[in-house]
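To start, the structure under review is shown below, and the notes come after it.
The values are calculated or read from the model by the stated rules, or taken from the named source; none is laboratory data. Just so you know, these numbers come straight off a predicted model, no measurement behind them. Because the Cβ atoms are built from the backbone with ideal geometry, glycine has one as well, and the counts that use them run over all protein chains shown. Please note that ligands, DNA and RNA were not included when accessible areas were found on the heavy atoms of the full protein model with its side chains. Shrake-Rupley method; radii C 1.70, N 1.55, O 1.52, S 1.80 Å.
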Amino acid sequence: MTATPESVVHPSSDAEVAEIMIDASREGVGIFPLSSGHRAHPVRGERPYLELSTTRLDGIVEYEPADLTLTARAGTSLATIDEALRAHGQWAPFDPPNVGERSIGGLAAVGDSGPLWMGYGELRNHVLGMTVVTGDGRMLSLGGRVVKNVAGYDLLKPMVGSRGSLAVVTSVCLRVYPEPSVDRVLLLRRDRLSDLVAAAHSVGTAPVMPVSSVLVDRTGVNESPALVIRLHGVEETVGADQASLEGHLGIVFEQAPSATALCTAVRDRGATSNVVLVASALPSALSEVIRALERLEPETIVADTYAARFRVGLSQADPEAVGNARASIERLGGTLRVARFPADGAEVGPTSEPSPAEKDLIIGIEKTFDPMGVLWPARSRR
Amino acid sequence: MTRPLAPDVVRGLTEIVGAANVITDPDRLLVYESDGLSAYRVSPRAVVLPGTSDEVAAVVTLLHLEGIEIVPRGAGTGLSGGALPTPDGVVVGTARMNRIIEIDPENRLARVQPGVINARLTEATQPYGLFYAPDPSSQSTCTLGGNVAENSGGPHCLKYGVTSRYVTGLTVVLAGGRIVKLGGAGRDSAGGLDLVGLFVGSEGCFGIATEIEVRLLPIAEGVRTLLGIFETMEAAGHAVTEIMGSGLLPAAVEIIDRATIEAVEASIFAAGYPTDAGAALVVEFDGTEAGLDLGADRAEKCCFEAGAREVRRATSEAERAALWKGRKKAFGAMGRIAPDLLVQDATVPRTKLPEVLARIAEIGERYDLKIANVFHAGDGNLHPNILFDRKNAEELDRVERASTEIMHLCVDAGGTITGEHGVGIDKRGYMSLVHNETELEMLRSVRAVFDPDRLFNRGKVLPDPLAET
């Protein structure tokens, strides 16, 4: 049963968020936090709930370029943050799909890093601090605005990627980086995706580590599958890194004329398909995972080869086929989950779950942050 | 007063791990009375040294049934008293679990037991061209289990990040002896909650990690190390701001002050730093050989523009070791000047460093204490070290008051009470400077999810032991 929200509330301060959560706890109304308004998953259940939009929690709170830290309220778009950073020759090195349109609070809640994590670490490593409001309206400040901080248990880690299941994120402090002076994108094309796996493996064991390495089924209309490698640095290092990689792989890369356009195309490819699956495995299992996913006859496949994380776009899902793919991938030690559910609410199929012991801990943590269970709509797909 | 364990408990422990691995003899327990924070000493009721996950689980089960507190211990090099025994507790040490289970070069992963020494992992992975990035100063003795518990940092964390960035999976033993696998490199944590990230840095209060999966990195092609000598700390601080603001991404940026230089040069660790200098700055770049001189040239220019008296550059491993020597041996050298050393740890936003350092000097003068500063300047992580004699009660009191002022100072500057050493027993009293009561209550509740009976490391991290018990 899919439920629809009663209405959308737009608080403009942390105190208002807290008030809404306290009221919802008292009235037994569910809350589904939304950020940039990207399509969230359909909510399963029959009880009433409200959507809580963070769009009015907007703006950069603090930016000290010399400290390489920036704090923004949850509804601030990544485009706004990027503009402020670029004005000082800095940037935030994560590249999930459609990053510019997303809000920092939403992105932190989803915990989506994009393939640049190979060179810079995952999003969870860039989030230095957060303010959140728990399910029962407690306002918490987690972490801080310094790069190293071990004062107390690290509640930021489970918060990043919790998808609104623990609390409403109201602001985020990020660690930012100096912009690289050269951003070079290298391409290797083959007729089939599977023909690129050996090269992807070689990149993964090369002495030089690119900032990202992505396998993509197509980079544009009528184009063939490609391995897309990104190098950051100064002219001298990027040239030397390219030569070192080419020597290691025994091939010559094609250099993409426009790094930005190509990276954007790869970054966003298939992310808004009707159904999006995310598969994860060890890099050594790349070939087998590709085989398992190709049986789903996907529209798109994009794979971050550093960790063998796949994004697969489907026009529609056959639950039995998805179940088979999941079983194959789990046998390889990996996982398969749904990142985007079909608009019509159709079933996608069984996806990977945490182990029973992990689930117990997760439920315990959820109860700690949301004792009244107000955030159930955000958890309804778990 | 420490109570001896009941004979049947000792017998039970002996059956699990063997008589050689249960220590109850008071003389042998002496070694375990403290960790790197030697100002505190408590004798445990016993020390147990299990050899496998199953043995850890059986020991935890037994102690849980008896309601006996457990103090997990790695190598005991921690500086916040995290492994300090409690009078009612039994220390469970991981020293025997020192096996590297697997090195997987294809996936750039390693699986290790918690008692593996940090530096040994890098040695073992070197033949594959790989290394383990977090490098705490104690890396030649500290263990990965301890690093996981403390979320340890190190000089090169400026570029590479701290322990939590590298831990991909854990096997942990929780209260009641449950063995639980968390995460794993092939698994996508975005489907659930990042339990691995939460466990890392839990300071032994959630359970004991018995198997650790970590990510490895390829060894950089080359390294360049610079040593800048400055007349004043202010000038060195200015050079750091210039370097970090210039778009360079050094692997490490470390400063030692005049008091530390004097201590080092007067010791057997003399590194050839000029004793009349106000500060010495070590800057290191690693990566592709072709870009290293370029980065080093630019950093050198920043140093001279900030008023450096001289800048030395290492091009060989021997020269590099010489430049680092003063920094790496700083703590050892201080032992020569005073019998006791309180290694403080706090982080401030980097731009606040000059102001905070000036205030620390002023605090030292006011309390008539010698404070020597060694710090990770690139990420604002300070180590003001207070030299003292523990036997002098009046001086110890001044040390404690000066320490408290330094903590307040760092928090007021927008920083925090610990950057990499953890809260342990030492910083419990300062937790309320950075967390309000609601947040502290949340920390207690999250801990209770893992350890509802507060069996593990009771009294650590959280400020009010009464509220915890």
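Figures for the structure shown
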| read-out | value |
| --- | --- |
| Probe 1.4 Å, protein heavy atoms only - accessible area per residue of the range A:69-133 in square angstrom | 25 |
| B:Ala361-A:Asp344 FRET efficiency (beta carbon distance; Förster radius 56 Å; 0.05 resolution) | 0.25 |
| Long-range HN-HN contacts of B:Thr168 with modeled amide H, under 5 Å | B:Glu213, B:Val214, B:Arg215 |
| Karplus-derived HN-Hα couplings along the range B:359-366 (A = 6.51, B = -1.76, C = 1.60, θ = phi - 60°), whole Hz, x at Gly and Pro | 5, 5, 4, 5, 4, x, 5, 4 |
| Crossing angle, helix A:259-268 versus chain A [Cα axis fit, 0-90 degrees, rounded to tens] | 50 |
| Accessible area per residue, Å², the range A:182-266 with all protein chains present, probe 1.4 Å | 40 |
| Percent accessible area from carbon and sulfur atoms, the range B:162-239, protein chains only, probe 1.4 Å | 49 |
| Sum of -39500 (n - 2.57) over DSSP H runs of 4+, divided by residues of chain B (222 nm, nearest 500) | -10000 deg cm²/dmol |
| Value of relative contact order over chain A, rounded to a whole percent, pairs C-alpha under 8 Å and six or more apart | 17 |
| Using a Förster distance of 22 Å, the FRET efficiency for B:Lys370-B:Arg309 (Cβ separation, nearest 0.05) | 0.35 |
| Integer Hz, Karplus 6.51/-1.76/1.60 couplings in order for the range B:369-386, x for Gly and Pro | 10, 8, 10, 10, 9, 10, 8, 7, 5, x, 10, x, 8, 8, 10, x, 9, 9 |
| Interchain or long-range residues, amide H under 5 Å from A:Glu62's placed H | A:Thr71 |
| Environment charge at A:Ser12 (Cβ cut-off 9 Å; Lys +1, Arg +1, Asp -1, Glu -1) | -1 |
| Accessible surface of the range A:182-266 [probe 1.4 Å, protein heavy atoms]: carbon and sulfur percent | 52 |
| Relative contact order computed over the range B:7-93 (Cα-Cα under 8 Å; 6+ residues apart), in percent | 35 |
| Relative contact order (percent, whole number), chain B, Cα cutoff 8 Å, 6+ residue spacing | 15 |
| Using θ = phi - 60° and Karplus 6.51 cos²θ - 1.76 cosθ + 1.60, couplings along the range B:2-8 (whole Hz; Gly, Pro as x) | 7, 8, x, 6, 5, x, 6 |
| Label-zone membership for the range B:130-162, site B:Glu123, 7 angstrom Cα→C-beta point, backbone N under 17 Å | B:130-133, B:135-145 |
| Pairs beyond 27 Å (Cα-Cα), from B:Lys352/B:Lys460; B:Lys159/B:Lys352; A:Lys148/B:Lys460; B:Lys328/B:Lys352 | B:Lys352/B:Lys460 |
| Theoretical gain in end-to-end length, B:Thr438 to B:Ala393 [0.36 nm per residue, Cα-Cα removed] | 12.6 nm |
| Chain-alone versus full-assembly comparison, the range A:319-347, residues with accessible loss of at least 50 Å² (1.4 Å probe) | A:Thr335, A:Arg337 |
| Interface burial for B against A (accessible surface, 1.4 Å probe, total of both chains, Å², rounded to 100) | 6300 |
| Threshold 40 Å² - residues in the range B:102-151 whose accessible area is reduced by that much or more when the chain is no longer isolated, probe 1.4 Å | B:Glu106, B:Asn107, B:Arg108 |
| Debye log10 I(q)/I(0) at q = 0.12, 0.13, 0.16, 0.18 Å⁻¹ for the range B:7-93, Cα point scatterers | -0.31, -0.37, -0.56, -0.71 |
| Lys/Arg +1, Asp/Glu -1 at C-beta; chain B dipole; positive extreme among B:Gly184, B:Thr52, B:Asn147 | B:Thr52 |
| FRET efficiency for A:Trp91 and A:Asp195, using Cβ-Cβ distance with R0 set to 30 Å, rounded to 0.05 | 0.35 |
| Residue-averaged 222 nm ellipticity for chain A, from DSSP H runs of 4+ at -39500 (n - 2.57), nearest 500 | -8500 deg cm²/dmol |
